[in-house]
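The values are calculated or read from the model by the stated rules, or taken from the named source; none is laboratory data. The structure displayed is predicted, hence computed values, not measured ones. Cβ sites come from the backbone with ideal geometry, for glycine too, and all protein chains shown count toward neighbours. We work out accessible area using only protein heavy atoms, side chains counted, and drop any ligands, DNA or RNA first. Shrake-Rupley method; radii C 1.70, N 1.55, O 1.52, S 1.80 Å.
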Amino acid sequence: QVQLVESGGGLVQAGGSRRLSCAGSGRTFSRDGMGWFRQAPGKEREFVAAINWSGGSTFYADSVKGRFTISRDNAKNTVYLQMNSLKPEDTAVYYCVAGEYTAWYGIMANYWGQGTQVTVSS
């Protein structure tokens, strides 16, 4: 069974940092683009960040550019999202995805994780 499992969510104060991890299982994702989406309460799901298969190219939503960093470790079949300078508006369920990376708009997701909640208190 192919799975993406997120971890690292929780409660953090505004201005703080948090690192999310997403471990893939059931197949290797080393040749896939990977990324993150998020969904805040009452809002539509939105793209956050994506990374190509080698880690040599990344793409970010304007709202997180300069604050969040996506990276990956293909040996561990894992992608990370380092979130710094967090704001209350970053509060959301964060979803890990795998799919086709594109430098035009990020990623076309084929696989989705179950999500992990990040809550930023003011």
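Here are the numbers:
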read-out: Cross-link reach list, lysines versus residue 76, counting only Cα pairs under 23 Å and skipping chain neighbours closer than eight places; value: none
read-out: Cα-based reach from residue 65 at 13 Å (exclusive), listing aspartates and glutamates while leaving out same-chain residues under 8 positions away; value: 90
read-out: Alpha-carbon centroids, the stretch 77-122 and the stretch 23-72: separation in whole Å; value: 5
read-out: Amide H contacts of residue 16 (H built 1.01 Å from N, under 5 Å, at least 5 apart or other chain); value: 86
read-out: Normalised contact order of the chain, rounded percent, pairs of Cα under 8 Å and 6 or more residues apart; value: 35
read-out: Share of carbon and sulfur in the accessible heavy-atom surface of the chain [1.4 Å probe, %]; value: 47
read-out: Positive-end residue of 11, 91, 75, charge dipole of the chain with Cβ unit charges; value: 75
read-out: Stokes-Einstein D for the chain, Kirkwood Rh over Cα pairs, 20 °C, 1.002 mPa s (µm²/s); value: 153
read-out: Ranked order, 87, 76 - accessible area, probe 1.4 Å, largest first; value: 76, 87
read-out: Heavy-atom SASA rank of 11, 4 (probe 1.4 Å, accessible area, largest first); value: 11, 4
read-out: The stretch 55-62 - phi-based ³J(HN,Hα) in whole Hz, Karplus 6.51/-1.76/1.60, Gly and Pro as x; value: x, x, 9, 9, 8, 10, 5, 4
read-out: DSSP-loop trypsin sites (Lys or Arg not before Pro) across the stretch 9-59, with at most 16 other Cβ within 10 angstrom; value: 27, 31, 43, 45
